[in-house]
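A.B. asks: What follows is a structure written as structure tokens; I'll ask about it next.
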Amino acid sequence: MIKVYSEYELILQLQQSDTINPACISLGDPGTTTDPFIKSKIKNILRFEFYDINEYDAHRGNSDIAKKWMIPKMIDFYEQNKNADPFFIHCNAGIGRSPAVALALLYLETGSEQKAKTELQKIRPGALPNRLVISLFDQVLGSHLSKVNSEIWKELIMFTNKEKNFNPKVPDDISS
């Protein structure tokens, strides 16, 4: 079962329960490491470091971004550990990077972009998957996760604005 957390939430989860056979994709900013407590509880960890930035920032020359070569490594790690119970994915806040990876892995599980979207929204409401990471998965998998990711962003923005009684016109494709 895939679970998505911020680093802090994962630490709390690990403190409150005994996991038997966990695996984890750990995502953080460059120069950081997986928290020592997480390492003590989960032996099977794949770590990548890149900033939670999207296409616009990537085109401005930032070299500390998600790279296409990372995607097959994440997929292979998941394939080798998909029976882990649970399979954790965490990043700093649990909003952008880890939900992006989760969306792609859920797509691999279900074979459907829409089912992956629905499942992600169940396990991580409020997620705004990183668009650059999603586009890299699309390139590798030949999927259309960027389309459902745009739907996720649009739905969350519209919901948030509705909660605030604010109703601006939302562009059809917010990924541009």
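A.B. asks: Can you name the number of the only condition in (1) under 12 Å from Ala100 (Cα atoms); (2) in a helix (DSSP H, G or I); (3) at pLDDT below 95 that Glu155 fails?
C.D. replies: In the conditions (1) under 12 Å from Ala100 (Cα atoms); (2) in a helix (DSSP H, G or I); (3) at pLDDT below 95, Glu155 misses (1) alone.
A.B. asks: Scan Lys3, Lys82, Lys73 and give me the residue that is closer than 20 Å to Lys122 by Cβ, of a type outside the set (A, V, I, L, M, F, W, C) and at pLDDT 95 or above.
C.D. replies: After ruling out the rest, the residue left standing is Lys3.
A.B. asks: Tally up the residues in the stretch 117-130 that are under 11 Å from Ile152 (Cα atoms), out of contact with any Pro (no Cβ under 9 Å at 6 or more places or on another chain) and either assigned to a helix (DSSP H, G or I) or among the β-branched types (Val, Ile, Thr) (or both), please.
C.D. replies: Matching residues across the stretch 117-130 total 3.
A.B. asks: Testing Glu113 on (1) within 22 Å of Ile38 (Cα to Cα); (2) touching a His at 6+ places or on another chain (Cβ under 7 Å), one condition comes back false. Which one is that?
C.D. replies: Among (1) within 22 Å of Ile38 (Cα to Cα); (2) touching a His at 6+ places or on another chain (Cβ under 7 Å), the lone unmet condition for Glu113 is (1).
A.B. asks: Conditions: (1) at pLDDT below 95; (2) in a loop (DSSP other than H, G, I, E, B). Asn161 meets all but one. Number of the miss?
C.D. replies: Failed condition: (2).
A.B. asks: Let me ask you something else. Restricted to the stretch 15-44, and to residues that are over 24 Å from Pro129 (Cα atoms) and of a type in the set (D, E, K, R), which residue is modelled with the lowest pLDDT?
C.D. replies: Top of the filtered list is Asp18.
A.B. asks: Follow-up. Given the conditions (1) farther than 17 Å from Pro22 by Cβ; (2) modelled with pLDDT of 95 or more, which single one is not true for Pro125?
C.D. replies: Only one criterion in (1) farther than 17 Å from Pro22 by Cβ; (2) modelled with pLDDT of 95 or more is unmet by Pro125, namely (2).
A.B. asks: Has the stretch 91-110 got any residue that is buried (at least 21 other Cβ atoms within 10 Å of the Cβ), out of contact with any strand residue (DSSP E or B) (no Cβ under 7 Å at 6 or more places or on another chain) and closer than 20 Å to Ile11 by Cβ?
C.D. replies: For the stretch 91-110, residues buried (at least 21 other Cβ atoms within 10 Å of the Cβ), out of contact with any strand residue (DSSP E or B) (no Cβ under 7 Å at 6 or more places or on another chain) and closer than 20 Å to Ile11 by Cβ: present.
A.B. asks: Which is at pLDDT 95 or above, over 11 Å from Ile2 (Cβ atoms) and of a type in the set (S, T, N, Q), of Ser112, Ser98, Ser63?
C.D. replies: Just one listed residue meets the conditions, Ser112.
A.B. asks: Let me ask you something else. Search the stretch 111-140 for residues being within 18 Å of Asp76 (Cα to Cα) and either without any contact (Cβ under 8 Å) to a residue 60 or more places away in the chain or basic (Lys, Arg) (or both), and hand back the single one that is surrounded by the fewest Cβ atoms within 10 Å (Cβ to Cβ).
C.D. replies: Gly111
A.B. asks: List the number of the failed condition for Ser26; all other conditions in (1) without any contact (Cβ under 8 Å) to a residue 40 or more places away in the chain; (2) surrounded by 15 or more Cβ atoms within 10 Å (Cβ to Cβ); (3) in contact with a Phe, Trp or Tyr (Cβ under 8 Å, 6 or more places away or on another chain) hold.
C.D. replies: Of everything listed in (1) without any contact (Cβ under 8 Å) to a residue 40 or more places away in the chain; (2) surrounded by 15 or more Cβ atoms within 10 Å (Cβ to Cβ); (3) in contact with a Phe, Trp or Tyr (Cβ under 8 Å, 6 or more places away or on another chain), Ser26 misses just condition (1).
The values are calculated or read from the model by the stated rules, or taken from the named source; none is laboratory data. All values derive from a computational prediction rather than experimental measurement. Glycine gets a Cβ as well: all are built from the backbone with ideal geometry, and neighbour counts include every protein chain shown.
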